[in-house]
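Report on one structure; see the data block that follows.
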Amino acid sequence: MSWEDKVRKVTPYVAGEQPRKENVIKLNTNECPYPPAPGVAKLAAGMDCGRLRLYPDPDASTLVNALAEYYHVSPKQVFVGVGSDDVLSMAFLTFFNGGKPILFPDVTYSFYDVWADLYRIPYRTCALDQEFHIRPEDYRQPNGGVIFPNPNAPTGVFESLDVVERILRDNRDVAVIVDEAYVDFGGESALPLLKKYDNLLVVQTFSKSRSMAGLRIGFCIGNEKMIRYLNDVKFSVNSYTMNLPSQILGAEAVRDDAYFKSVTAKIVATRERVKGELKKLGFVFPDSKANFIFVTHPAIPAKQIFLALRENDIYVRYWERPRIANSLRITVGTDEQMDRLLDFLGRYVAEYGKGGADGSLQVHNS
Ligand code: PMP
């Protein structure tokens, strides 16, 4: 017997690569290509570093109040964390404690099974249909809780609020968590359903639509009682999860609604244009309402395209997993970045058609 027998052994989540090289076109972790709201840089520049000797407000009240005002809810309905990963992890620990398996889609955010394993929560996956849509009837079986992203990741597929409500209606006695990391790019939030369902938790993030992945800010909104239970668990793990700059700068970002709307509109416009161009090159994909597109080329293996892109300093995301091993998830960047991607893909697909690309082909960007 050794100490190693007592280790809590887990297979960790693998995050997308953060290349150290300069001049990489980084379309692999769904960050926003535009900077945060201009007020954020101004506030950061004038920040009083003397305040850093003190612990931050454990309730993150400045940020919680800004979010409550923006989403027209009580501050008692808002919980913030270190990225939505932290919020989701706390929510798993708090609400998925019923003994029965929790349910989530078979193709989804690959952190869910990691948290379930870490916290010893049994789980069962429900197969999405051929078009990567949720089949709500699958969520009618006995379970210990339900979680799904909407839009889903990595597919970008959005489920209507009718589908979300059907799942809520069939699951009144467990927590239902809707992970809305990508909802600001054309989806519709489940927040209005909070009035009808006290077991709903809506989770969102500043990492994508608010261009602040580097500050790690996530939040959720739910019934006051749910938020109280979440805080009890959070304060049993770490009182001071969110640092002071994140609290101040996050609140500033929320206040600039015009900038937020202009950035998300720009991403949506670029996404729709790129969809058309990718189609012309023969790519197929489910319709995305997120800031990424999940593409397959019927004639060229995804892994081959992934490696060729990487060789040419264009990073996208690829998973060698069931159902998705022939797809690539491409984050929507600036128009210029997407034009460089499309230019490369155009040349690559043409060369492949001529029989030139056998996996070793390199099409260097000019
Ligand atoms: N949910 C989904 C579906 C995601 O894709 C991500 C990003 N990896 C997150 C949550 C977590 O993002 P963050 O912790 O940066 O808020």
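Once the cut-off is 39 Å, how many percent of the Cα-Cα pairs in the chain end up in the long-distance tail?
On the way: 12191 of 66795 pairs.
When all Cα pairs of the chain are counted, 18 percent exceed 39 Å.
In this structure T62 has an accessible area near 70 Å², from a 1.4 Å probe over the protein heavy atoms.
Which percentage, to the nearest 5, of the DSSP beta bridges contained in segment 38-255 is antiparallel? Just about 40 percent of them are antiparallel.
Rounded to two decimals, the Cα radius of gyration of segment 38-255 over 2.2 N^0.38 Å is 1.01. Our summary gives the chain a relative contact order of 22 percent, counting only alpha carbon pairs under 8 angstrom and 6 or more residues apart. Each Lys and Arg Cβ is given +1 and each Asp and Glu Cβ -1; about its Cα centre, the chain then shows a dipole of about 220 debye. Listed by chain and number, the lysines placed with their C-alpha closer than 23 angstrom to that of K6 amount to none; residues fewer than eight positions away on the same chain are left out.
How about K354: which lysines have a C-alpha closer than 21 Å to its C-alpha, ignoring those fewer than 8 places off in the same chain? The qualifying lysines are K279, K280, K303.
Solvent-accessible area assigned to carbon and sulfur over segment 38-255 amounts to 49 percent, based on a 1.4 Å probe.
Relative to the current alpha-carbon distance between E224 and V24, full extension at 0.36 nm per residue lengthens the span by 67.6 nm. Solvent-accessible surface of protein heavy atoms, probed at 1.4 angstrom with all chains present, puts F96, F158 in the order F158, F96, largest first.
Entry comment: accessible area of segment 1-97 is 62 Å² per residue, from protein heavy atoms only and a probe of 1.4 Å. With contacts taken as Cα pairs under 8 Å at a separation of at least 6 residues, segment 38-255 carries a relative contact order of 29 percent. For the residue pairs K100/K195; K76/K196; K100/K196, alpha carbon separations beyond 21 Å are given by K100/K195; K100/K196. Taking every protein chain into account, the accessible area of segment 214-361 amounts to 44 square angstrom per residue (probe 1.4 Å).
The values are calculated or read from the model by the stated rules, or taken from the named source; none is laboratory data. Not measured: the values here are computed from a predicted model. When we count neighbours, we look across all protein chains shown, and the Cβ atoms used for this are built from the backbone with ideal geometry, even at glycine. All accessible areas refer to the heavy atoms of the entire protein, side chains included, with ligands and DNA or RNA removed. Shrake-Rupley method; radii C 1.70, N 1.55, O 1.52, S 1.80 Å.
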